[in-house]
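Trainee: Below is the structure I would like to discuss, written out as structure tokens.
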Amino acid sequence: VARMSDNVVDVVTSKITSLPELLQKALASAAYLKTSFDSDALLSVMEAAGDSIGADGLHELLEEAAPEGLLLNSIKDGDYQFAHDRIKEASRELIPDGDERDAFRVRLAKHLNGLGNSSEGEDWMLFVAADHLNSVGQNEMTPLQTATLNAQVGEKAVATAAFFPALKYLERGMEALNQIESPWE
């Protein structure tokens, strides 16, 4: 079964790499957001990475992926989702594993943390930011910033009765605080 799953990802990856480079970047970035994503959030992420595409340009790109069977456009205009988990997985693989992927995830986490804490931010942005930061080793965020983000997300998880995930976020926040010489100050 594992071999067949690998073959499916290989076929999907081959299909994705035949698409225009900017669409590949969009799919790769979207794969690190969430299964269902809105084009505004993706546009913000792409522009933060230096890809000036504009809302109309991004919409046109994403519409190219729909007939290929890669994305589904939801009823709400501007919302998309990957047609299958394997497509999302293959899109994630477009960013090479290791330092390059870790650096991407840290940049994405920092950007989503900023968005999530803005007046237009949404809770999912903070959760995704924390997940990315917690999954990489070293990053440019200070231990206090990491602790603060994990505390925020931990509190939000408790509020929704997601106690096990809340515990993980709060533990990660405490680990970050323990890296500070006088954490209680």
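The values are calculated or read from the model by the stated rules, or taken from the named source; none is laboratory data. Here the structure is a predicted model, which means the values were calculated and not measured. Side chains are part of the model used for accessible areas, which takes the heavy atoms of the whole protein and leaves out ligands, DNA and RNA. Shrake-Rupley method; radii C 1.70, N 1.55, O 1.52, S 1.80 Å.
Trainee: Which lysines does Lys76 reach when only Cα atoms under 19 Å apart count, and residues fewer than 8 places away in its own chain are ignored?
Mentor: Filter leaves Lys34.
Trainee: Measuring with a 1.4 Å probe in the full set of protein chains, what accessible area per residue, in whole Å², belongs to segment 33-185?
Mentor: 56
Trainee: Which of the three applies to the chain, rounded, prolate or oblate, going by the alpha-carbon gyration tensor with a ≥ b ≥ c and a/c under 1.5 meaning rounded?
Mentor: Here the chain falls in the prolate category.
Trainee: Report in % the part of the accessible area of segment 83-185 that belongs to carbon and sulfur, leaving out ligands and nucleic acids; probe 1.4 Å. It would help to have the intermediate numbers written out before the result.
Mentor: Values: 3070 of 6000 Å².
Exposed carbon and sulfur together represent 51 percent of the surface.
Trainee: Would you look at the GNM of the chain, springs on alpha carbons closer than 10 Å, and say which of Asp97, Asp123, Asp131 moves the most?
Mentor: Asp97
Trainee: Pick from Ser39, Ser119, Ser74 the residue whose mean-square fluctuation is largest in a GNM of the chain, springs joining Cα atoms under 10 Å.
Mentor: Ser119
Trainee: Once every DSSP H run of n ≥ 4 in the chain is given -39500 (n - 2.57) and the sum is divided by its residues, what mean residue ellipticity at 222 nm do you get, rounded to the nearest 500 deg cm²/dmol?
Mentor: -20500 deg cm²/dmol
Trainee: Segment 114-161 to segment 8-23: how many Å between their Cα centroids?
Mentor: That distance is 31 Å.
Trainee: Of Met46, Met125, Met141, which is the most mobile in a GNM of the chain whose springs link Cα atoms less than 10 angstrom apart?
Mentor: Met141
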